[in-house]
Structure formats: C-alpha cells, structure tokens
C-alpha cells in the first residue's frame, strides 16, 4: 500500500510543481496533435455540422464580435489571467425575430487547439440584441492562435456565422 502511495506521490509532483526541466512540451497525456489550419472545404463542412448552409446568408438574424471597447472587430487578442481588457463580446442581432433561446458557439478553424469550443446559451424571450462576454485563453506555444468562427443559432432554427482571428498580445 505504501509503495502505491509513493508512486502516486512521485507521479503527481510534476502536476503540483510544474515542469522543472523548463521544457516547452505540451499535450503530454498522449501523442501531440499537429496544429493545422482547415482548408476552405473543411471549414464549410465544419460549418454545416454547426447548422450553417455554405453560401447562405441570413437577413433575419446576424452576429458580430465586438472589442472590449464595443467596436466591431475581426481580430481578438488572447486573454491572460488578470488582464481586464481582454474580454470581448459576441453579439446576436435578432432583427424583428422574437427569440426565446439563442446559442453562441465559438470554435477554432484548425486542429491542435486545447480549447475545442465554447458554447453559451441564453433565454432572452425578446426581440432585443444579446451580448455575451467571451475570451480565448493564451496557451503555451500559441495553440489557441489562428482562425476561429462564431456561430449563433436561435430557437427558430435561424443561424448566422462570422469569422475572426485570434492573435497574441
């Protein structure tokens, strides 16, 4: 019993103390995942899985990404702990559509990101815009940097999407 406890203790030291060797290894729980940006064909296929028809536009609803200052943007800077101005906003624009529920999905358009997606669901029951705060965390070796997509879907099945790029500070 003591041997098992000692093995666990020794195995858990890197989890508590961090990587004492100072290496930049990531994804140590398994084989590393190569970071590769999707082709346009792969992006369209991915968007279809999120309910977006390639080439279709929605006049009924819309979505945008806003900077911390409330300006429209297509570039988001990664968030670092303790930095307040790294909160961005997802904006759902319902037009005249009564919205009982709206779902925001933010996802990378590449492989290898440790953040697979973020989903937020709101129940506004109104025709007002919905603004949702979000941030993309900074990650070792730039694993969250690159192209991303925001997909918004309402309870009527209407969807809209917009792309943005996540960059380092």
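What is the calculated FRET efficiency for residue 53 to residue 155, with r their C-beta to C-beta distance and R₀ = 22 Å, to the nearest 0.05? Rounded to the nearest 0.05, the efficiency is 0.75.
Distance between the modelled labels on residue 115 and residue 60, one decimal in nanometres: 3.0 nm (7 Å Cα→Cβ projection).
If I take R0 = 25 Å and measure r between the Cβ atoms of residue 122 and residue 163 in this structure, what FRET efficiency does the formula 1/(1 + (r/R0)^6) give, to the nearest 0.05?
Numbers: r = 22 Å, r/R0 = 0.87.
It comes to 0.70.
Most exposed first by the Cβ proxy, i.e. fewest other Cβ within 10 Å, how do 152, 106, 64 rank?
Values: 152 31, 106 24, 64 19.
Taking fewest neighbouring Cβ atoms as first place, the list is 64, 106, 152.
Placing a pseudo-label 7 Å from each Cα along the Cα-to-Cβ vector at residue 96 and residue 140 gives an inter-label distance of 5.5 nm. The orientation-averaged shadow of the Cα convex hull for the range 36-167, equal to a quarter of the hull surface, comes to 7.9 nm².
Working from label points 7 Å from Cα in the Cα-to-Cβ sense, the residue 41 to residue 89 distance is 4.0 nm.
FYI, it's all coordinate maths here, none of it is from the lab. All figures in this text were calculated on a predicted structure; none of them were measured in a lab. All Cβ positions, glycine included, derive from the backbone under ideal geometry; neighbour counts span all protein chains shown.
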